[in-house]
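What follows is a short report on a single structure.
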Amino acid sequence: KSFVRNSLPFELFRKMGHYAPRTKLCEVILNDSYDGIYVMTEKIKRDKNRVNISSIDDNDNGGDSITGGYIFGIDYFELSDSWEGSYSPPGYSGKSVHFVYNYPGYDEITSQQKTYLKDYVSSFERVLYGSSFTNATTGYRSYVNVNSFIDYFIISELSRNVDGYKKSCFYYKTRKSKGGLLQAGPVWDFDWAWKDIWDCSIFQNTDGSGWAYKILECDPWPTPTGWIPRMMEDPLFVDQLKKRYSSFRKNILSNSSLDSHLDSVSNFVKDAQSRHFKRWDILGQNYGSEKGDPAYTYEEEITMLKDWISRRLTWLDSQLLVEVTNTYQPEVKTYYCSVSPNPANQSTTLKCGRPMTNVDVISLTGQKVMGLSGLNNTEYIMDVSGFRQGLYLIRISLDNGEEITQKLLVE
């Protein structure tokens, strides 16, 4: 009824530096019949202007090409369009998590690609759920883009989205030569968000409280992963989350910025909303399992949504707000580093989207075998002829403070 529940989180996720579907509000007339206001929305798919990952076809069954890109997620599933994960969420033994193929589709993905993707996710979960998951070099961070999970968390919790972790939950994986990491998002499906609903107690709270990521306590179906709950046990993840949330609160998540977005939508549909609610007589009624008294006018709907967001932010501030000196400035561009050739036996070239400042090469035993500092290059040829055969982690620091970890196999 607000015409904003989906478009707002999409816009916020884009401002955080990620792709999210673009939307347009439009009035629909079908066969000379007025059907009201609809939100025309991009579908989530692989494309250079959407989820910008490498294309993959049925010939990409080995080498670098089999490593990505992939899109998959948690949603309602059939056995034919999904695979069963190797691990139950911690504390919920016996619960099965199913991952749904999105790109390539279940009817297009090859058996080799299925095996690669399943093995990658299983390896990530084995490390994440293991005792050394916080290890800076061999822990879960070597598998995922942490900021994407933090930002996905912030959007899901700000909106207290009941579907944020159990369904309509997307992930994508880039090709190894283009970063190779697992990313959370794009965000999707907020029709039951931004309000108190008749669900388990977490989502019934009328004071703005409750963690949506604890939805496993509600025995949901489909069963969500335990990824975010486990990451919340990592002190560094929580520290980064608090700092990033607090930085966003000074700009894109400020009360005034969010209110301004709602006002802009309200002004845009000022005339159209009256036609819409004449066609769909739903004001004064609760839909989507909403709890509480409904709004009887569109203006009241917007006011109630602003009040809900204010209560939610007050509670989130009590949990996450800290002092930060560096305020995040929204930037859409993201960066990656490639390592090629990989495997290598003489030399390999590091290429990054912006200048590197430091490079550390670490063995799987945790020993630093090479350290470079004072760099200011986007490309560096690294001599590995003296390295023993095996797998190494390359930790690259960029000039913007971002840290990227890549893997290198020396033969």
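The values are calculated or read from the model by the stated rules, or taken from the named source; none is laboratory data. Computed from a predicted model, the values in this text were never measured in an experiment. For neighbour counting, all protein chains shown are included, and Cβ atoms are generated from backbone atoms with ideal geometry for every residue, glycine included.
Could you check segment 344-392 and list, in sequence order, the residues that are under 17 Å from residue 410 (Cβ atoms) and either in contact with a helix residue (DSSP H, G or I) (Cβ under 6 Å, 6 or more places away or on another chain) or of a type in the set (Val, Ile, Thr) (or both)? Result: 348, 349, 359, 361, 362, 365, 369, 381, 384.
Against the test of being surrounded by fewer than 18 Cβ atoms within 10 Å (Cβ to Cβ), in contact (Cβ under 8 Å) with a residue 12 or more places away in the chain and in a loop (DSSP other than H, G, I, E, B), the options 38, 34, 92, 19 yield a single qualifying residue, 92.
Across segment 171-198, the qualifying residues are those that are more than 17 Å from the chain's Cα centre (by Cα) and within 18 Å of residue 76 (Cα to Cα), and the one among them that is surrounded by the most Cβ atoms within 10 Å (Cβ to Cβ) is 192.
Each residue in segment 178-212 was checked for being closer than 22 Å to residue 4 by Cβ, of a type in the set (Phe, Trp, Tyr) and out of contact with any Lys or Arg (no Cβ under 8 Å at 6 or more places or on another chain), and 2 of them qualify.
Looking across 288, 284, one residue alone is modelled with pLDDT under 95, within 23 Å of residue 213 (Cβ to Cβ) and of a type outside the set (Ser, Thr, Tyr). It is 288. Against the list (1) touching a Lys or Arg at 6+ places or on another chain (Cβ under 8 Å); (2) over 21 Å from residue 193 (Cα atoms); (3) modelled with pLDDT of 90 or more, the condition residue 338 fails is (3). Checked against the criterion of being at pLDDT below 95 and in contact with a Phe, Trp or Tyr (Cβ under 7 Å, 6 or more places away or on another chain), the candidates 185, 179, 210 yield just one match: 179.
Rundown of residues vs (1) touching an Asp or Glu at 6+ places or on another chain (Cβ under 8 Å); (2) free of Cβ contacts under 8 Å to residues at least 12 places away in the same chain; (3) in a loop (DSSP other than H, G, I, E, B), yes/no style:
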| site | (1), (2), (3) |
| --- | --- |
| 55 | no, no, yes |
| 77 | no, no, yes |
| 80 | no, no, no |
| 119 | no, yes, no |
| 124 | no, no, no |
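In summary, strands (runs of 3 or more DSSP E) completely within segment 341-411 and bearing 2 or more residues that are charged (D, E, K, R) occur at 347-363, 377-383, 403-410. Can you pull out every residue in segment 384-411 that is of a type outside the set (S, T, N, Q) and touching a residue at least 60 places away in the same chain (Cβ under 8 Å)? Passing the criteria: 393, 395, 398, 402, 404, 407, 408, 409, 410, 411. Selection of segment 296-309 for residues being closer than 21 Å to residue 158 by Cβ, surrounded by 14 or more Cβ atoms within 10 Å (Cβ to Cβ) and of a type outside the set (Lys, Arg) yields 301, 302, 303, 304, 305, 308, 309.
Among (1) out of contact with any Pro (no Cβ under 9 Å at 6 or more places or on another chain); (2) in a loop (DSSP other than H, G, I, E, B); (3) closer than 25 Å to residue 307 by Cβ, where does residue 202 come up short? Of everything listed in (1) out of contact with any Pro (no Cβ under 9 Å at 6 or more places or on another chain); (2) in a loop (DSSP other than H, G, I, E, B); (3) closer than 25 Å to residue 307 by Cβ, residue 202 misses just condition (2). For segment 199-212, the set of residues classified as crowded, with 21+ Cβ neighbours inside 10 Å and under 20 Å from the mean Cα position of the chain (by Cα) consists of 212 only. Taking first residues from segment 274-290 that are within 15 Å of residue 302 (Cα to Cα) and partners that are in a helix (DSSP H, G or I) and acidic (Asp, Glu), the Cβ contacts under 8 Å between residues at least 6 apart in sequence or on separate chains come to 283/301. If you go through segment 106-117 and pick out every residue that is in contact (Cβ under 8 Å) with a residue 24 or more places away in the chain and either in a strand (DSSP E or B) or within 16 Å of residue 172 (Cα to Cα) (or both), you end up with 5.
For residue 304, the criteria (1) free of Cβ contacts under 8 Å to residues at least 12 places away in the same chain; (2) among the aliphatic types (A, V, I, L, M); (3) assigned to a loop (DSSP other than H, G, I, E, B) hold in every case but one, which is (3). Taking segment 267-296 on its own, how many of its residues are of a type in the set (D, E, K, R) and part of a loop (DSSP other than H, G, I, E, B)? Residues flagged as of a type in the set (D, E, K, R) and part of a loop (DSSP other than H, G, I, E, B) within segment 267-296 amount to 5. For segment 177-197, a tally of residues being within 17 Å of residue 17 (Cα to Cα) and in contact with an Asp or Glu (Cβ under 7 Å, 6 or more places away or on another chain) returns 0.
Every residue, every condition in (1) assigned to a helix (DSSP H, G or I); (2) of a type outside the set (Val, Ile, Thr); (3) in contact (Cβ under 8 Å) with a residue 24 or more places away in the chain; (4) more than 30 Å from residue 404 (Cα to Cα), yes or no:
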{"residue": "172", "(1), (2), (3), (4)": "no, yes, yes, no"}
{"residue": "186", "(1), (2), (3), (4)": "no, yes, yes, no"}
{"residue": "194", "(1), (2), (3), (4)": "no, yes, yes, yes"}
{"residue": "207", "(1), (2), (3), (4)": "no, yes, yes, yes"}
{"residue": "215", "(1), (2), (3), (4)": "yes, no, yes, yes"}
{"residue": "220", "(1), (2), (3), (4)": "no, yes, yes, yes"}
{"residue": "228", "(1), (2), (3), (4)": "yes, no, yes, no"}
